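Visitor: Sharing a structure with you now.
The values are calculated or read from the model by the stated rules, or taken from the named source; none is laboratory data. Remember, predicted model here, so these are calculated numbers, not experimental data. Note that we place each Cβ from the backbone using ideal geometry, even for glycine, and neighbour counts take in every protein chain shown. SASA here: full protein model, heavy atoms, side chains in, ligands and nucleic acids out. Shrake-Rupley method; radii C 1.70, N 1.55, O 1.52, S 1.80 Å.
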Amino acid sequence: MYSVAIMPILVGSGLAFAETQRFDVSIFLGFVIAAVLILIWENLGNDVFDSETGIDVHKAHSLVNLTHNKRLIFIIGNGCLGLGLAGVLAIALRQQDPTVLLLILLCCLLGYVYQGPPFRLGYQGLGEILCFLAFGPLGVGAAYYSQTQSWSVSSQVAGVIIGVTTSLVLLCSHFHQVEDDLAAGKRSPIVRLGTRRGAQLVPWLCGLVLLLIAGGAIAGYFPRWSLVALLSGISAVRLSRHVLAHHHLPAKIFNAKFYAIGFHFWSGTLLSLGLVISGS
């Protein structure tokens, strides 16, 4: 699951290396650790906030349900947030430039309004949009900036790719919990669309990702080696076939998010590999 936190840093830093042949290992590693800590905060915070609405009553792996200690989980989550932001602050101080810190603070704000009161925008079906922004253009852009202290259109194209694959993970996590979402008043995209139409949307989103990879390389935003990421289409086909076949069967569709994580992982990793090879 934590490849979701690492991938924007990997792709943004890989693109910076491809374009400038510069790569600061210490900044990269510091950013990765900070991103993982911030995602831990996001996940623990979601467990705490969801426990207040009753939506996680059947979620066996909720840490609040496992520990029956909401306050402890909340404290641990906030501690991880503080450590993660301290890591990003260290990067900003080293570069004497607050841009990366401001971008990550914006990402954290989006993460809070996703589930945190009084906003709970995820309950209005806006979680995928917030996820797209935080892990896509903002996250990849921040990673690129941390290496170059500059902006590029290519980093935003890459950000759209990672944003879509990350949002796919969240979208696919809703298929098996439609009844719980309805009971808690959560209008997720799958609740709004229905499982059949939601499943039919997945291949289109996968195709969009592959089209952006190919188009980015053809348009010159990415080097030609980035086309190796099209091999992730194998994972996209597996994901699409799985949700189309089992979208209405909670017992079989519950693992759809892991298929989506597979597509997210391979598309991002192979794209990063192509970028690093071209910059070497």
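Visitor: Could you check how many residues of the range 4-41 are among the small types (Gly, Ala, Ser), open to solvent by 10 Å² or more (accessible area, probe 1.4 Å) and within 23 Å of LEU109 (Cβ to Cβ)? Spell out how you get there, then give the answer.
Guide: Start the filter on the range 4-41 by keeping residues that are among the small types (Gly, Ala, Ser), which leaves 5, 12-14, 16, 18, 26, 30, 34-35.
Next, from what is left, pick out any that are open to solvent by 10 Å² or more (accessible area, probe 1.4 Å): 18, 26, 30, 35.
Next, only the ones that are within 23 Å of LEU109 (Cβ to Cβ) stay: 30, 35.
So the answer is 2.
Visitor: Starting from residues that are among the basic types (Lys, Arg) and within 20 Å of the chain's Cα centre (by Cα), keep the ones in the range 211-264 and report whichever is most open to solvent (accessible area, probe 1.4 Å).
Guide: Going through the range 211-264, the residues among the basic types (Lys, Arg) turn out to be 224, 238, 241, 252, 257.
From what's left, within 20 Å of the chain's Cα centre (by Cα): 238, 257.
On the way: ARG238: 135, LYS257: 38 Å².
Filtering the range 211-264 for residues that are among the basic types (Lys, Arg) and within 20 Å of the chain's Cα centre (by Cα), the one most open to solvent (accessible area, probe 1.4 Å) comes out as ARG238.
Visitor: Which pairs turn up if I take residues in the range 115-132 that are within 18 Å of VAL191 (Cα to Cα) and look for partners that are open to solvent by 50 Å² or more (accessible area, probe 1.4 Å) and not in a helix (DSSP H, G or I) with beta carbon separation below 9 Å, at least 6 apart in sequence or on another chain?
Guide: So the pair list comes out as TYR123/ARG187; GLN124/ARG187; GLY125/ARG187.
Visitor: Related question: So in the range 96-138, with the set limited to residues that are of a type in the set (Gly, Ala, Ser) and open to solvent by 10 Å² or more (accessible area, probe 1.4 Å), which one is modelled with the lowest pLDDT? Talk me through it step by step, then tell me what you get.
Guide: Taking the range 96-138 first, the residues of a type in the set (Gly, Ala, Ser) are 111, 116, 122, 125, 127, 134, 136.
Now narrow it down to the ones that are open to solvent by 10 Å² or more (accessible area, probe 1.4 Å): 111, 125, 134.
Working: GLY111: 94, GLY125: 89, ALA134: 96.
Residue satisfying both the conditions and the ranking: GLY125.
Visitor: Follow-up. Which condition number in (1) in a helix (DSSP H, G or I); (2) touching a helix residue (DSSP H, G or I) at 6+ places or on another chain (Cβ under 7 Å) is the one that PHE222 fails?
Guide: (1)
Visitor: Next question, about the same structure. Among (1) among the hydroxyl-bearing types (Ser, Thr, Tyr); (2) touching a helix residue (DSSP H, G or I) at 6+ places or on another chain (Cβ under 7 Å); (3) over 14 Å from GLY45 (Cβ atoms), which single condition is TYR114 missing?
Guide: Failed condition: (3).
Visitor: So, in the range 185-203, how many residues would count as being of a type in the set (A, V, I, L, M) and open to solvent by less than 30 Å² (accessible area, probe 1.4 Å)?
Guide: Counting residues in the range 185-203 that are of a type in the set (A, V, I, L, M) and open to solvent by less than 30 Å² (accessible area, probe 1.4 Å) gives 4.
Visitor: Any residue in the range 192-214 that's more than 23 Å from SER155 (Cβ to Cβ): show its pairings with residues that are part of a helix (DSSP H, G or I) and among the hydroxyl-bearing types (Ser, Thr, Tyr) at Cβ separation under 6 Å, as long as the two are six or more apart or on different chains.
Guide: So the pair list comes out as VAL202/SER240; PRO203/SER240.
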